[in-house]
Structure formats: C-alpha cells, structure tokens
Amino acid sequence: MSVTAAKGFSAAGIAAGIKENGNPDLALVVNSGPRRAAAGVFTSNRVKAAPVLWSEQVLRGGEVTAVVLNSGGANACTGPKGFQDTHATAEKVADVLGQSAGEVAVASTGLIGLLLPMDKLLPGIDKAAAELSEHGGEKAAIAIKTTDSVHKTAVVDGEGWTVGGMAKGAGMLAPGLATMLVVLTTDADLESATLDKALRASTRQTFDRIDSDGCMSTNDTVLLLASGASGITPRFEEFAEAVQSVCGDLARQLIGDAEGASKDIRIEVINAANEDDAVEVGRSIARNNLLKCAIHGEDPNWGRVLSAIGTTKAEFDPDRLNVAINDVWVCKNGSVGEDRGLVDMRYREVKITADLAAGSESAVIWANDLTADYVHENSAYSS
C-alpha cells in the first residue's frame, strides 16, 4: 500500500488534465496525526524548481500535514509566477483540508520551463481530496510517473510500526539525490530531528549512489513524514535500518527502470583508503560513457574501468589495481588477468568490482548501460 501502509495516512491519485494524454497526474498524501513530524532532503542543484524552494521553507518548521505532487510539468525556471503558483497550490490544499499552507509540501516533475495549468491543477486538488483513502497509496504512486514505465513502492514493517514509500524517476538519475520525487511515511512516534538524521543517513547510501547518466535534476525531493499513530517509539537503530531498507529498495527500482537501459550495473569499489575515495571511483566508473556502451554490447572491456579510475584523486597504485566483471578477475595488478572470454554478460545485471588495494573501505554505486533507446527517449521527450 505504499505511503498508506503506515497508520495515520491517506492518499489519492487522479487525472487533473495537466498531462495532455489524460493519464493520472496529481497526487495528494495527508498525515492525520496525531504527530505531524517531517524531514526532507532536496536537490543540490543550484537551479532549484519553485516547489523545491517552497518545500525547503516548509521543512524548516519540522511539520508537514500534506504533500501535493504533480507530474506533467516541473515548474522549474518559471520565475516569480512559478513560485506564486506553488504558493497557490499549497494554499488550495490547506483550504480544502482546513490546515495551514505552511505545513503543505509541494513537489512537481516534468518538463522544465513551462508554467503549470493552474486552471486544471487547482480544481484537481478538490477532486483528489474527495478521493483520499487509506488504500490510495498505489494510485498516488501512479499519478507521479513521467517517463517511468512502472510505479515504484516499498514497505518495511517493524514491531508494531511501519515505514512505507513511493518514488518516481527513470531519467536524469545522478547524485544530488537522483532525479526523483519520493515520499516516505511512518506511524512511528518520532520527532523531526530523529527523522532528519535517519533520512540523511539513508539517502547518502541509497539515492545518492545511483548514477544513470550523470545529470542532476532541479526538482529532487525526498520527504519523510511521521504520524505517530502506532504510539510506538522504536530504537533509532531499528528505525534507521527500516528507512534505509525502503530507500534502498526504491533506489534499485529507480535504476532498474532507467530510460532505455538494458543492463543494470552494480559497481563495487573495495579496499579503498577511505569511503570518499570509494564513492569517487565508483562514480567515475558509472559515468564513463565508453564503458557503458561496452556493457551494452556485452563487451567486458576492463581497460575502460582502469581509465575511469585513473581520472580520480583517490589513493591507489596503478600497478596494484584489480578489476572483476561478473566475478572474473579480468585485470590483476594493473594488467591482464583471467581470460575475458569467461565473463558471462547475457543477463540484465552486470557486476563490476574495482579493488584499489589501498585500504579497507568500500562503496557501491548503481548505474546502467548507454543505449540507442536512451538517446531516442531523451531526444524526443519534449515533442
């Protein structure tokens, strides 16, 4: 049930007419309490969409009663009018629910540079509010899709409490969250500071470590809301583990649905001097377009892995580097290793292991291959 798996939440997803094809395009998630604690993380892009700027302000108060999300338009790079539209959206939700606009987060996704059709969006909020249901999580997840081929949800149950979530994203997946909208909910009884700590720790190791195409969005938003409806305050470690599990599940669904991809690439950097080195190397490998093309062609070209490692500032000795592709160590000590003909690349998942032989730290980055379908999707997207 996604965002409505936890007690105290209702949701709806409807077609407001924002998308010309008539598909669902407006979602509403409402926290009925008794607690309305919230935390959020947003894109690190310096060009931020109006709803991001608005929601960042809302989250400073640590409480969110409702989240309204639309697909079909990003409301990014739309100037003062775009921010006014975001404000009007929050005011409309607040009016319908009898709450404060200062506790309504707004999120948008779609093309940059287009104003939203407010004559359709605002009446859509009335319709969504009328359809709010504790079983509405799936419809909400469907309504936030853009180029996604499937909607994405995840749930983890604790001892008497639950964490659930929904996500959208299929392109522009790169750190600074990955291009996505995510709403997580829990009925655990926790304060906003605790939510913030758990959320930031989780996104750092999940959403921040998927890298489809190296492109960072203007609209990335990840929210975590707590209703306290279970009456249970779990240990922080248990709660943080549940949040990370949901985030990890959603992150894998995002990379698995990346536009045009035919391979999911798991890049594990091991024996790094520190975690930052491991992440930097993993990202460099993930963003190497020559390697991504080779993976698409099922060519275990380990030389392109080494060349990607060599562009980083990580600590390593080139003559001690080792690389495995699907567990075959095709490169040993910076040179030819096992027969590359032993690498079986017929399946969707490809595993690359890069051994820096410089320490004991590690990190995993998920990426995917570069295909003609990806080029087509992103050259025809706005037409």
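The values are calculated or read from the model by the stated rules, or taken from the named source; none is laboratory data. The structure presented is a predicted model; accordingly, all values stated were derived computationally and were not measured. When we count neighbours, we look across all protein chains shown, and the Cβ atoms used for this are built from the backbone with ideal geometry, even at glycine. Accessible surface is based on the protein model in full, side chains and every heavy atom, while ligands, DNA and RNA are left aside. Shrake-Rupley method; radii C 1.70, N 1.55, O 1.52, S 1.80 Å.
Going down the table (LYS263/LYS292; LYS92/LYS127; LYS263/LYS332), which pairs top 19 Å between alpha carbons?
Exceeds cut-off: LYS263/LYS332.
Just going by the charge dipole of region 146-305, with Lys and Arg at +1 and Asp and Glu at -1 on Cβ, which of ASN219, VAL246, GLN205 is farthest out on the positive end?
After comparing all options, I get ASN219.
With charges only on Cβ, +1 for K and R and -1 for D and E, what is the dipole size of the chain about its Cα centre, in debye, rounded to 20?
So the dipole magnitude of the chain works out to roughly 680 debye.
Which three extents, in angstrom, do the Cα atoms of region 124-267 have along their principal axes, listed largest first?
44, 39, 24
Once you have a ≥ b ≥ c as the square roots of the Cα gyration tensor eigenvalues for region 275-378, tell me rounded if a/c is under 1.5, and otherwise prolate or oblate according to whether a/b is larger than b/c.
Since a/c reaches 1.5 but b/c is at least a/b, the shape of region 275-378 is classed as oblate.
Could you work out the helix-only [θ] at 222 nm for the chain, with each DSSP H run of four or more residues adding -39,500 (n - 2.57) and the total divided by the number of residues, to the nearest 500 deg cm²/dmol?
It lands at -9500 deg cm²/dmol.
Rounded to a whole number, what is D in µm²/s for region 1-110 from Stokes-Einstein with the Kirkwood radius over alpha-carbon pairs (4 °C, 1.567 mPa s)?
90
Using a 1.4 angstrom probe with every protein chain in place, what is the largest-first accessible-area order of ARG348, ARG46, ARG235?
Correct descending sequence by accessible area is ARG46, ARG235, ARG348.
Rank LYS139, LYS351, LYS127, LYS263 by accessible area, highest first, at a 1.4 Å probe radius?
LYS139, LYS127, LYS351, LYS263
Order SER192, SER55 by their accessible area, 1.4 angstrom probe, all chains in place, largest first.
From most exposed to least exposed: SER192, SER55.
Sort largest first and round to whole Å: the equivalent ellipsoid semi-axes of the chain, each the square root of five times a Cα gyration tensor eigenvalue.
Semi-axes from the Cα gyration tensor: 39, 23, 17 Å.
Given N residues in region 221-322, what is its alpha carbon radius of gyration divided by 2.2 N^0.38 Å?
My calculation over the Cα atoms of region 221-322 gives 1.45.
Quick one: what are the phi-derived ³J(HN,Hα) couplings along region 341-351, Karplus 6.51/-1.76/1.60 with θ = phi - 60°, whole Hz, x for glycine and proline?
These are the phi-based 3J(HN,Hα) values: x, 7, 7, 9, 10, 6, 9, 4, 8, 10, 10 Hz.
Antiparallel DSSP bridges in the chain: what percent, to the nearest 5?
Beta bridges within the chain, antiparallel portion: roughly 70 percent.
Given a 10 angstrom Cα cut-off, can you work out which residue in GLN205, GLN99, GLN253 is the most mobile in a GNM of the chain?
GLN99
Give the aspartates and glutamates reachable from LYS120 as a straight Cα distance under 15 Å; neighbours fewer than 8 places away on the same chain don't count.
Qualifying aspartates and glutamates at Cα under 15 Å: GLU20, ASP25, ASP85.
How many angstrom lie between the C-alpha centres of region 331-383 and region 125-146?
37
Just to check I understand the Karplus step: with θ = phi - 60° and J = 6.51 cos²θ - 1.76 cosθ + 1.60, what whole-Hz values come out for region 125-138, glycine and proline as x?
5, 4, 5, 5, 4, 5, 9, 4, 8, 6, 10, x, x, 5
Counting only chymotrypsin sites (Phe, Trp or Tyr not before Pro) that sit in a DSSP loop (anything but H, G, I, E, B) with at most 13 other Cβ atoms within 10 Å, what is the longest stretch of the chain containing none of them?
So the longest stretch without any such site is 1-346.
So which residue, out of GLU241, GLU20, GLU63, gets the largest mean-square fluctuation from a GNM of the chain using Cα contacts under 10 Å as springs?
Evaluated over the chain, the most mobile residue of the options is GLU20.
In Å², what does the accessible area per residue of the chain work out to with a 1.4 Å probe?
Computed with neighbouring chains in place, this is 39 Å² per residue.
Using 7 Å Cα-to-Cβ label points, what is the MET118/ASP373 separation (nm, one decimal)?
4.0
Work from the charge dipole of region 37-162 (Cβ charges, +1 for Lys and Arg, -1 for Asp and Glu, about the Cα centre) and give the residue of VAL96, GLY79, VAL52 farthest towards its positive end.
Result: GLY79, furthest along the dipole toward the positive end.
At 1.4 Å probe size, with the rest of the protein present, what percent of the exposed accessible area of the chain is carbon and sulfur atoms?
47
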